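Novice: Let me begin by handing over the structure; questions about it come next.
The values are calculated or read from the model by the stated rules, or taken from the named source; none is laboratory data. Everything numeric here is computed off the predicted structure, so don't read it as measured data. Here the Cβ positions follow ideal geometry from the backbone for every residue, glycine too, while neighbour counts run over all protein chains shown.
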Amino acid sequence: MVEIEIKKSIQLAIQSFATFNLTEGAISFFKTLGYNTARQNPFEKKKYSEFKANYGEVFADKKFSEDKALTKEWKSVDLLFQLTKDEISNQNELFDTKKVNNTIIETYLFFVIELTQSDYSRTTFSQITREVNKIFPMPVMIVFKHGNHITFAIINRRLHKKDERKDVLEKVTLIKDISIENPHRAHIEILFDLSFDELLRIHKFSNFVDLHNAWQKTLDTKELNKRFYRDLSNWYFWALTKVSFPNDVNDDRDDTVFNSENIIRLLTRLIFIWFIKEKNLIPEKIFEKNEISKLIHGFNIKNSMVYYRAILQNLFFATLNQKIEERKFATDGTFEQNKKNYGIKNLYRYSSDFAISKDKVIKLFEKVPFLNGGLFDCLDSEDKAGKVMYLDGFSRNSKKQAQVPDELFFSEEKIIDLSSVYDDKKKKNEKVKGLFEIFNNYKFTITENTPIEEEVALDPELLGRVFENLLANFNPETKTTARKQTGSFYTPREIVNYMVDESLKAYLKQKLETEAGMKPEDAEVGLEFLLGYNEKEHLFDKKQTVILINAIDSCNILDPACGSGAFPMGILHKLVHILGKLDSKNKLWKERQIEKAEAIDDTAIRDNLIEDIETAFNNNELDYGRKLFLIENCIYGVDIQPIAIQISKLRFFISLIVDQKVDKTRDNFGIRSLPNLETKFVAANTLIGLEKPEQLLLRNPQIDKLEEDLKKLRHEYFSAKTRNKKHACQEKDKDLRVKISGLLVKDGWDNETAKKIAAFDPYAQNSSAPFFDMEWMFGLTGGFDVVIGNPPYVSANNMSIHERNYFNKSVQYKTLNGKWDLYVVFIEKSLNNLNLNGAFSFIIPFGFLNQPFAEEIRKFIIKDFSLISIVDLHNNKIFESATVPSCIPIIQKKSSTNHKVKILEFNQGYFLTKYQIDIQKYHDGNQHMFRTEDLGKKSELLNKIKARGEILENDFYISTGAEIHGKESRSNNGTTISGTSKFDVLHDKFAKELKPYIEGSAIQKSREGRYSYPIIETWLDYNKADIMRSPKFKELFDSDKIIIRRSSGLLRILAIYDQKKIYTSEKCILIILKSDLPTSHRQYEKENKLELKYLLALINSRLIDFYYESVYGGFIDVYPNNLKELPIVKAIDSVRRNIIVLVDYLLQLKIIINTSVQIQFFDNLIDCVVYELYQLESIKSTGCELLKNLNDLTALKDEWSDEKKIKTIEKVYKELSDPAHPVSIAMEKMKTIPEVCIIEGLDK
């Protein structure tokens, strides 16, 4: 049956639930999906009583809860069928049952349950599924029928790690709310992908575990999000060529960047609307082509732009941003007739575009609630002179209107060329279609998924995945990566959850120890239960519970580079989860909010606030009151991009909307207007602080009073609901800032600093403050209790001179060293912003643990903080675009020199503790590296290797290659002028006097890269050395040399030999004989004691590779200073000669082929010779000596032909590799030597 016919059959099978009895409909459904339903044992009465009679004897033992399973609402229940090996073997002859990945599945059960109500939450379905699965030893899949919908629940199970007789019930995945009457196309697509034949075609499963994993992969929302992003990304780049927004802002952004931001803003608004459509708060007809044609003139004709103007702008600015009773049209006519409405941006416009009357337009939107919150504020605003500056273009002046074609929303699929945008020739024929056509291909859910329950639909987290990448598209440092990778810049949910949990545990544990007197181990166990997604009751008594709730309410949490809000949202969800366990009815949490309100002196404000609190708790779901006051009191975010702040706020708005109860009989349909988050999430430069006076003996008390007034005003603004109230607050805020600024100058503050405080306007949605200060922006003077996030990674070399110099000279930063990275600046700033006992957690590059430039920040942490744990992620690719691995340190602001640091790994979705390392080892270790491997058994071996040699620098000169891009300079006005591009001195064709040139990437990033010959594809004009940043000197390149790739990951040293005078970039390290240096050079020597080829053998050996990794850390770039310190054994002449001959063999073989058995043999032989040179233990006693059996190897002569050289090599190979030859015997025995096993990782 062809795909389209199967999908049609699936649709009919779903619709049959309306006509068949429940069991018949469900059996028909699974048959259509291709599953063998022959093994049936249906219930006779199909009632819960029969279910209990059959399985009730195990209820108590399995802890089955009738309340949690909601059995009183089971209208009917039936066992549909059992799927065993026998049924599937008929469809797949290779099918078998076995244990795979600690999981055994030998059969499935399928049940159908009809519930009495029509609407249930995801959590309810998951809870019922989990309770039913407790009873049975195999996975139970359930089809629920509820009203006119069905929901399909699939559970994941694995064996208990400590008791294989038990199963662990893990995540429940739902295909939820499938309409029986009119199934959504996205649901049909998902079910088709789950059909037996389609799963078998794609995943080729051969056992139940493979089948189960195939289901899990098919239902994985990550893949869904990626597919959605690809569709949306193509639309975004297409839209960039079609739209134009008015740009009256006087800043340095060009129109392309401005339009990019406006398209993203448009997307945020529309995706928000698509989510709240799930609560039936927006009329469907305004998105349906046939209906729209009846509403507006000139719709969807060629080049028409009426839809965005008439429908969407009026929906955004005059509906969602205006109280229902105040909705009306602005007056038509001349400027004089309209001037009373001039600048008012929440009145309907464009009446002439409508094919219906003004009254009917207002009626069209009458069921849409007023939402407030700033998301739908029109950004057209008046400047100081009263002139409107147009950004959104909500204007009757056609010259100031946004130009957005109808086709961007409704076009059918078409093919366009996006190859230049993606820098990929394969993208010449990309599919694009209207935005609403894309949206209609997917199912949206308003509730964010959690680690234990997930709906196969696009949840609000997709906003982060989508927008982090779109934001990166117009950032110069990231746009290339962003366009080639999907989700490159978004922190995965599992990582966010871990970091949130560990940060909160550290903060709350300290509170329990100091305020409740709990023992550290008891607090830790209690918090583990409390934070976990489990059904267990919390372990805290009443006093401890109150302490925890108060600690949550008073904590201040910051993400200093919040992007699209992944970490603030993770914090919110976890704190809501904790409060739900500690205070299930919100009694204590509500009392806490009222208690604070009662402390307000102003009676009117106090009474209004208490009434507001009562309303928030009484008229909504339990989580609403938790979220609202957590957002108001605890969570803060900063990002340099205003549009990122917009997206963060959007996610919080959606999170609040989900827990509001819609009641059409109440004011605004029961929807409480959204809070104003402008003073919770601010666009600012986190890293640049205010320059404050060193110390003031007496501060003007009037400043403190005004500052307190400003703090209260911003709390008041959080809940302001009307445009007039918001505007009044904004004006008062501005007035207070100006007054404070004037007083600060009188108090000794710098005039420029005071001006910055006055100029900071948190309500200007399209601007970013050039500084960050928690006191003036958030009203906080102490610090933050948790700082968490994923800061940007930008090397100092890639910054402008202006930025680099600012940070290097700033007194705020004391740990910047060498070629530091921006994330180090974020770490230092964040640690300094912590309260005492505050917790810090970043996901950052692995180099933080061991790179030389991060040594000062490591020393700072060891001295003044407590390093609690490190997650070593070097085996995990967390970010798709990552070229280096990551790590997660958890740090607390309390000094400790006597504790152990937990080292964890991330494996198959779990964070597992590997071991603990004494903090003293980091105090005493080389460069204070935070090593994540246990070096205990290696220490003695490393000391032995070091003692055997002399440092490499004694005999050789080491340097990086040339930095060929031009030097930056400064213009007269102080702006940075970029230097010439490297392409000004590079050529892709050879010409006279050009030099062969390579980057580090020319050396293959694998073991085969050693001894290889790079392909020369580029030539350098070294005659232009004067315009290069650091050209080095020509003797460095014209000499015979060793070239090492600087960035090689786990492979550490990848070295090649060069006699062809290759010039290289700074991404390579060069080693030459000191005798080849120019005579003027201070390290010049006439004689060399060691040869380059001998050194090449040593530094390419496993022993030196092991030494470098162990001393300087895994995943560290190769640094010249580290190479200089390598211990090099000075062997006798005859031994060096034989080693050089072996190197020549390898170099000759590499001319012909990159890998072969001969290459592998001689490479291994050199390794074994090096082991003997460094006198590893037991070599002599176990008969592993090689050198005495090598004799004089036949050297290759320059005058020989290649054929003769290869024959000579083959003859030597045949002789030495003979299993009976002493050399071959010794090489095999060497694998048994304990120290060799450690070096080669054979001891694991």
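Novice: So which residues in segment 1207-1238 are small (Gly, Ala, Ser) and surrounded by 19 or more Cβ atoms within 10 Å (Cβ to Cβ), if there are any at all?
Specialist: Residues of segment 1207-1238 that are small (Gly, Ala, Ser), as a first pass: 1217, 1220, 1224, 1226.
Ala1226 - this is the single residue of segment 1207-1238 that is small (Gly, Ala, Ser) and surrounded by 19 or more Cβ atoms within 10 Å (Cβ to Cβ).
Novice: Test each condition in (1) within 23 Å of Gly782 (Cβ to Cβ); (2) among the β-branched types (Val, Ile, Thr); (3) touching a helix residue (DSSP H, G or I) at 6+ places or on another chain (Cβ under 7 Å) for Val576 and report the one that comes out false.
Specialist: (1)
Novice: Return the pairs, sorted by first residue and then second, in which the second residue is modelled with pLDDT of 90 or more and in a loop (DSSP other than H, G, I, E, B), the first residue lies in segment 1145-1160 and is in the same structural domain as Glu1203 (by TED's automatic domain parsing), the beta carbons are less than 7 Å apart, and the residues are 6+ apart or on different chains.
Specialist: Leu1146/Tyr1011; Leu1147/Tyr1011; Gln1148/Leu1196; Lys1150/Tyr1011; Lys1150/Ser1012; Lys1150/Tyr1013; Ile1151/Tyr1013; Asn1154/Ser1012
Novice: List the residue pairs whose Cβ atoms are under 9 Å apart, where the first residue sits in segment 817-836 and is over 23 Å from Ile801 (Cβ atoms), the second is of a type in the set (Lys, Arg) and surrounded by fewer than 20 Cβ atoms within 10 Å (Cβ to Cβ), and the two are 6 or more positions apart or on different chains.
Specialist: From residues that are over 23 Å from Ile801 (Cβ atoms), the pairs are Leu836/Lys894.
Novice: Also, I was wondering about something else. May I ask you to verify whether Glu752 is over 30 Å from Ala318 (Cα atoms) and not assigned by TED's automatic domain parsing to the domain that holds Asn372?
Specialist: On the way: over 30 Å from Ala318 (Cα atoms): yes; not assigned by TED's automatic domain parsing to the domain that holds Asn372: yes.
Considered against the rule, which asks whether it is over 30 Å from Ala318 (Cα atoms) and not assigned by TED's automatic domain parsing to the domain that holds Asn372, Glu752 comes out as yes.
Novice: Going by the conditions given, is Lys145 at pLDDT 90 or above, crowded, with 17+ Cβ neighbours inside 10 Å and either within 35 Å of the chain's Cα centre (by Cα) or over 24 Å from Ser16 (Cα atoms) (or both)? Quick ask: steps written out before the conclusion?
Specialist: Details: at pLDDT 90 or above: yes; crowded, with 17+ Cβ neighbours inside 10 Å: yes; either within 35 Å of the chain's Cα centre (by Cα) or over 24 Å from Ser16 (Cα atoms) (or both): no.
Taking the combined requirement at face value, the residue does not satisfy it.
Novice: Something else about it: Just to confirm my filter: which strands (runs of 3 or more DSSP E) fall fully inside segment 400-470 and include at least 3 residues that are surrounded by fewer than 19 Cβ atoms within 10 Å (Cβ to Cβ)?
Specialist: Details: elements: 414-416, 430-432, 453-455.
Those strands (runs of 3 or more DSSP E) span 414-416.
Novice: From the list Phe1106, Phe1115, which residue is modelled with pLDDT under 95, crowded, with 22+ Cβ neighbours inside 10 Å and within 40 Å of the chain's Cα centre (by Cα)? Outline the logic, then answer.
Specialist: Working: Phe1106 fails: crowded, with 22+ Cβ neighbours inside 10 Å.
The match here is Phe1115.
Novice: Right, next: Answer with yes or no whether Lys721 is surrounded by fewer than 16 Cβ atoms within 10 Å (Cβ to Cβ) and either modelled with pLDDT under 85 or over 35 Å from the mean Cα position of the chain (by Cα) (or both). Reasoning before the result, please.
Specialist: Numbers: surrounded by fewer than 16 Cβ atoms within 10 Å (Cβ to Cβ): no; either modelled with pLDDT under 85 or over 35 Å from the mean Cα position of the chain (by Cα) (or both): yes.
No.
Novice: Tell me which helices (runs of 4 or more DSSP H) are completely within segment 21-84 and hold 1 or more residues being free of Cβ contacts under 8 Å to residues at least 40 places away in the same chain and basic (Lys, Arg), or say none if there are none.
Specialist: On the way: elements: 22-32, 48-55, 59-62.
Answer list for segment 21-84: 22-32, 48-55.
Novice: All but one of (1) of a type in the set (Gly, Ala, Ser); (2) assigned to a loop (DSSP other than H, G, I, E, B); (3) crowded, with 19+ Cβ neighbours inside 10 Å hold for Ala854; state the number of the condition that does not hold.
Specialist: Only one criterion is unmet by Ala854, namely (2).
Novice: Sticking with this one: What's the number of the only condition in (1) surrounded by fewer than 20 Cβ atoms within 10 Å (Cβ to Cβ); (2) within 49 Å of the chain's Cα centre (by Cα); (3) closer than 24 Å to Glu1008 by Cα that Gln1175 fails to meet?
Specialist: Going through (1) surrounded by fewer than 20 Cβ atoms within 10 Å (Cβ to Cβ); (2) within 49 Å of the chain's Cα centre (by Cα); (3) closer than 24 Å to Glu1008 by Cα one by one, Gln1175 breaks only (3).
Novice: Would a scan of segment 966-989 turn up a residue that is part of a loop (DSSP other than H, G, I, E, B), at pLDDT 85 or above and either out of contact with any helix residue (DSSP H, G or I) (no Cβ under 8 Å at 6 or more places or on another chain) or under 30 Å from Ser896 (Cβ atoms) (or both)? Explain how you work it out, then say what you get.
Specialist: In the first step, residues of segment 966-989 are kept if they are part of a loop (DSSP other than H, G, I, E, B); the result is 967-968, 971-975, 978-981, 985, 988-989.
From what's left, at pLDDT 85 or above: 985, 988-989.
Cutting the leftovers down to either out of contact with any helix residue (DSSP H, G or I) (no Cβ under 8 Å at 6 or more places or on another chain) or under 30 Å from Ser896 (Cβ atoms) (or both) gives us 988-989.
Looking through segment 966-989, at least one residue is part of a loop (DSSP other than H, G, I, E, B), at pLDDT 85 or above and either out of contact with any helix residue (DSSP H, G or I) (no Cβ under 8 Å at 6 or more places or on another chain) or under 30 Å from Ser896 (Cβ atoms) (or both).
Novice: Still on this structure, I have one more. Consider Thr1194 against the criteria (1) closer than 28 Å to Lys1089 by Cα; (2) in contact with a Leu (Cβ under 8 Å, 6 or more places away or on another chain): it satisfies all of them except one. Which criterion is unmet?
Specialist: (2)
Novice: Now a separate question. Looking at segment 773-798, which of the residues that are hydrophobic (A, V, I, L, M, F, W, C) and within 23 Å of the chain's Cα centre (by Cα) is surrounded by the most Cβ atoms within 10 Å (Cβ to Cβ)? Working first, answer last.
Specialist: Filtering segment 773-798 for residues hydrophobic (A, V, I, L, M, F, W, C) gives 774, 776-778, 780, 784, 786-788, 794, 796.
Checking which are within 23 Å of the chain's Cα centre (by Cα) leaves us with 784, 786-788, 794, 796.
On the way: Phe784: 25, Val786: 25, Val787: 30, Ile788: 28, Val794: 15, Ala796: 18.
Per the criteria, the residue is Val787.
Novice: Considering each of Ser1047, Ser1075, Ser1080 in turn, give the residue that is touching a helix residue (DSSP H, G or I) at 6+ places or on another chain (Cβ under 8 Å) and not in a strand (DSSP E or B). Let's see the steps before the verdict.
Specialist: Numbers: Ser1075 fails: touching a helix residue (DSSP H, G or I) at 6+ places or on another chain (Cβ under 8 Å); Ser1080 fails: touching a helix residue (DSSP H, G or I) at 6+ places or on another chain (Cβ under 8 Å).
Exactly one of Ser1047, Ser1075, Ser1080 is touching a helix residue (DSSP H, G or I) at 6+ places or on another chain (Cβ under 8 Å) and not in a strand (DSSP E or B), namely Ser1047.
Novice: Let me ask something else. For residues that are surrounded by 15 or more Cβ atoms within 10 Å (Cβ to Cβ), among the charged types (D, E, K, R) and in contact with a helix residue (DSSP H, G or I) (Cβ under 8 Å, 6 or more places away or on another chain), tally how many sit in segment 256-288.
Specialist: Residues flagged as surrounded by 15 or more Cβ atoms within 10 Å (Cβ to Cβ), among the charged types (D, E, K, R) and in contact with a helix residue (DSSP H, G or I) (Cβ under 8 Å, 6 or more places away or on another chain) within segment 256-288 amount to 5.
Novice: Does Phe629 count as surrounded by 20 or more Cβ atoms within 10 Å (Cβ to Cβ) and more than 26 Å from the chain's Cα centre (by Cα)?
Specialist: yes
Novice: Can you tell me how many residues within segment 285-305 are within 39 Å of the chain's Cα centre (by Cα), part of a helix (DSSP H, G or I) and either closer than 14 Å to Tyr350 by Cα or not β-branched (Val, Ile, Thr) (or both)?
Specialist: Final tally of qualifying residues: 3.
Novice: For segment 612-663, give me each residue that is under 20 Å from Glu448 (Cα atoms) and among the acidic types (Asp, Glu).
Specialist: Listed by number, the residues that qualify are Glu621, Asp623, Asp659.
Novice: Scanning for something surrounded by 15 or more Cβ atoms within 10 Å (Cβ to Cβ) and small (Gly, Ala, Ser), does segment 548-557 turn up at least one residue?
Specialist: Checked against the condition, which is being surrounded by 15 or more Cβ atoms within 10 Å (Cβ to Cβ) and small (Gly, Ala, Ser), segment 548-557 yields at least one hit.
Matching residues to (1) assigned by TED's automatic domain parsing to the domain that holds Lys1093; (2) not aliphatic (A, V, I, L, M); (3) not in a loop (DSSP other than H, G, I, E, B):
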| residue | (1), (2), (3) |
| --- | --- |
| Ser1181 | no, yes, no |
| Glu1199 | no, yes, no |
| Lys1204 | no, yes, yes |
| Thr1208 | no, yes, yes |
| Tyr1213 | no, yes, yes |
| Ala1220 | no, no, no |
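Novice: Name, by its number, the condition in (1) within 32 Å of the chain's Cα centre (by Cα); (2) closer than 28 Å to Glu513 by Cβ; (3) of a type in the set (Asp, Glu); (4) part of a helix (DSSP H, G or I) that does not hold for Glu535.
Specialist: That leaves (4) as the condition not met.
Novice: Given the residues Lys302, Lys328, Lys294, which is the only one that is of a type in the set (D, E, K, R) and either touching a helix residue (DSSP H, G or I) at 6+ places or on another chain (Cβ under 8 Å) or surrounded by 22 or more Cβ atoms within 10 Å (Cβ to Cβ) (or both)?
Specialist: Values: Lys302 fails: either touching a helix residue (DSSP H, G or I) at 6+ places or on another chain (Cβ under 8 Å) or surrounded by 22 or more Cβ atoms within 10 Å (Cβ to Cβ) (or both); Lys294 fails: either touching a helix residue (DSSP H, G or I) at 6+ places or on another chain (Cβ under 8 Å) or surrounded by 22 or more Cβ atoms within 10 Å (Cβ to Cβ) (or both).
Answer to the check: Lys328.
Novice: When the residues of segment 533-547 are narrowed to those that are hydrophobic (A, V, I, L, M, F, W, C) and in contact with a Gly (Cβ under 9 Å, 6 or more places away or on another chain), which ends up nearest to Lys171 (Cα to Cα)? Spell out how you get there, then give the answer.
Specialist: The initial filter retains those residues of segment 533-547 that are hydrophobic (A, V, I, L, M, F, W, C), namely 539-540, 546-547.
Pick out the ones that are also in contact with a Gly (Cβ under 9 Å, 6 or more places away or on another chain) and you get 539-540.
Values: Leu539: 24, Phe540: 27 Å.
For segment 533-547, the residue satisfying everything is Leu539.
Novice: Would you pick out the residues in segment 562-601 that are surrounded by 23 or more Cβ atoms within 10 Å (Cβ to Cβ) and in a loop (DSSP other than H, G, I, E, B)?
Specialist: Cys562, Gly563, Ser564, Gly565
Novice: Take the conditions surrounded by fewer than 21 Cβ atoms within 10 Å (Cβ to Cβ), at pLDDT below 95 and part of a helix (DSSP H, G or I) and apply them to Asp197. Does it pass?
Specialist: yes
Novice: Filter segment 898-913 for residues that are surrounded by 15 or more Cβ atoms within 10 Å (Cβ to Cβ) and of a type in the set (Phe, Trp, Tyr) and give the result.
Specialist: Matches in segment 898-913: Phe906, Phe911.
Novice: Suppose we keep only residues that are of a type in the set (S, T, N, Q) and surrounded by 13 or more Cβ atoms within 10 Å (Cβ to Cβ) within segment 22-48. Which one would you say is nearest to the chain's Cα centre (by Cα)? Quick ask: steps written out before the conclusion?
Specialist: Here is the first cut: in segment 22-48, the ones of a type in the set (S, T, N, Q) are 23, 28, 32, 36-37, 40-41.
When the remaining residues are screened for being surrounded by 13 or more Cβ atoms within 10 Å (Cβ to Cβ), the result is 23, 28, 32, 36-37, 40.
On the way: Thr23: 44, Ser28: 42, Thr32: 39, Asn36: 41, Thr37: 42, Gln40: 46 Å.
By that ranking, first place goes to Thr32.
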